[in-house]
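Reviewing the structure listed below.
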Amino acid sequence: PALLVTSSSAIPAEEQAKLVETSKRLAAYQAVKDHLLSSYTRIGIGSGSTVVYVVEAIAALGPAATADMIFYPTGAQSEDLIEAAGLRLQYINKLPAAEQLDVAFDGADEVDADLNLIKGGGACLWQEKLVATAAKRFVCVADFRKLSARLGTSWKKGIPIEVLPMAAPRVLAELKAMGSHNPRIRPGLPGKAGAIVTDNGMWIIDAPFTPLLLPRDAEEGGIKAGNGDNGVWQVDALADKLIKIPGVAEIGLFYGNNGLEIASGAQKPVAAYF
Ligand code: 5RP
């Protein structure tokens, strides 16, 4: 008997869209159930369409359950979500530097087998990284389309890179020299001319690369280190190089352990829900 694979492309588009929304919603409710303890008081809220369900799940706990909780946004959309749900809002610059959020929830554009992430599809990556790394626990919520063995497999638009507008031409040239295929300045939202402008007044460059190797690929497969030879990069090596390009403010790779314990102040999530 043949091995039968039901291709998602056989599912009508309208049904697929419903499946995606159901997947986001289920993942969000489960993540909140597992990771929002009643003792928590400071919670980071990310950006994007999946986080809408995270906030919905939190609001569904009721005013009594959330009365002592303060919510820290990652941008204008996130701020609106918190306020519309009637939750208490505060900004990350008001959090004493020596203290941490109890947990932060956020979406992702792609998640690899080691829980490295591509983020920034909604242009909020800089504040998202600030909030994720300020949290003791960072939890990623996504739908089934986002999981890949290697970053750059399903999210083909490229790694979002937040740049100082006047640095954009030089950053683009450097990205091409590093092997990015057709890096581009992200255009404004429909109806808006020019480049997209982030909440921080920056631009976004989307830089596609060949799917990124994991550190363990080199150990297990005898593959060359992924240091950019032939345009092949290991996720950590690429991230370390991208962040050092003059004019780059932040990158949409949430990777490695940032030299810290995974459960505290790291860029990677402690758990990803799909
Ligand atoms: C925004 C992000 C989002 O978390 C990411 O783009 C996922 O968005 P969505 O939940 O709408 O798929 O990083 O900058």
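The values are calculated or read from the model by the stated rules, or taken from the named source; none is laboratory data. Given the structure is predicted, the values throughout are model-derived calculations rather than measurements. Please note: Cβ atoms are built from the backbone with ideal geometry, for glycine as well, and neighbour counts cover all protein chains shown.
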Answer with yes or no whether TRP155 is modelled with pLDDT of 95 or more, aromatic (Phe, Trp, Tyr) and either part of a loop (DSSP other than H, G, I, E, B) or touching a Pro at 6+ places or on another chain (Cβ under 6 Å) (or both).
-> yes
Tally the residues that are aliphatic (A, V, I, L, M) and farther than 10 Å from ALA142 by Cα, restricting the search to the stretch 12-30.
-> 3
Starting from the stretch 140-158, keep only residues that are farther than 22 Å from GLY46 by Cα and in contact (Cβ under 8 Å) with a residue 12 or more places away in the chain, then list their pairs with residues that are of a type in the set (Gly, Ala, Ser) and more than 13 Å from the ligand (Cβ to nearest atom) whose Cβ atoms are within a distance under 7 Å, requiring at least 6 positions of separation or different chains.
-> ALA149/ALA113
Spot the failing condition for THR22; the list is (1) surrounded by fewer than 17 Cβ atoms within 10 Å (Cβ to Cβ); (2) within 16 Å of the ligand (Cβ to nearest atom); (3) in contact (Cβ under 8 Å) with a residue 24 or more places away in the chain, and only one is missed.
-> (3)
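Hey, could you check the stretch 27-40 for residues that are surrounded by fewer than 13 Cβ atoms within 10 Å (Cβ to Cβ) and not in a helix (DSSP H, G or I) and say which is nearest to the ligand (Cβ to nearest atom)? Break it down into steps so the answer makes sense when it comes.
At the first step, the residues of the stretch 27-40 found to be surrounded by fewer than 13 Cβ atoms within 10 Å (Cβ to Cβ) are 33-34, 37-39.
Right, trim to not in a helix (DSSP H, G or I) and you get 37-39.
Values: LEU37: 23, SER38: 26, SER39: 26 Å.
Top of the filtered list is LEU37.
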Name the one entry in ALA67, ALA57 that is surrounded by fewer than 23 Cβ atoms within 10 Å (Cβ to Cβ), farther than 16 Å from VAL103 by Cβ and modelled with pLDDT of 95 or more.
-> ALA67
Checked pairs for the stretch 28-56, first over 20 Å from LYS268 (Cα atoms), second within 9 Å of the ligand (Cβ to nearest atom) and at pLDDT 95 or above, C-beta under 6 Å and 6 or more apart or across chains, list as TYR53/LYS24
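Matching residues to (1) within 19 Å of ASN257 (Cα to Cα); (2) within 15 Å of the ligand (Cβ to nearest atom); (3) touching a strand residue (DSSP E or B) at 6+ places or on another chain (Cβ under 8 Å):
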site	(1), (2), (3)
ALA57	no, yes, no
GLN77	no, yes, no
ALA84	no, no, no
ALA104	yes, yes, yes
TRP126	yes, yes, yes
ARG137	yes, no, yes
Within the stretch 203-222, identify whether any single residue is under 30 Å from LYS33 (Cα atoms), hydrophobic (A, V, I, L, M, F, W, C) and either away from the ligand (no atom under 16 Å from the Cβ) or in a loop (DSSP other than H, G, I, E, B) (or both), and answer yes or no.
-> no
Subset of the stretch 106-124 that is outside any loop (DSSP other than H, G, I, E, B), within 10 Å of the ligand (Cβ to nearest atom) and among the hydrophobic types (A, V, I, L, M, F, W, C) - its residue that is surrounded by the fewest Cβ atoms within 10 Å (Cβ to Cβ) = ILE118
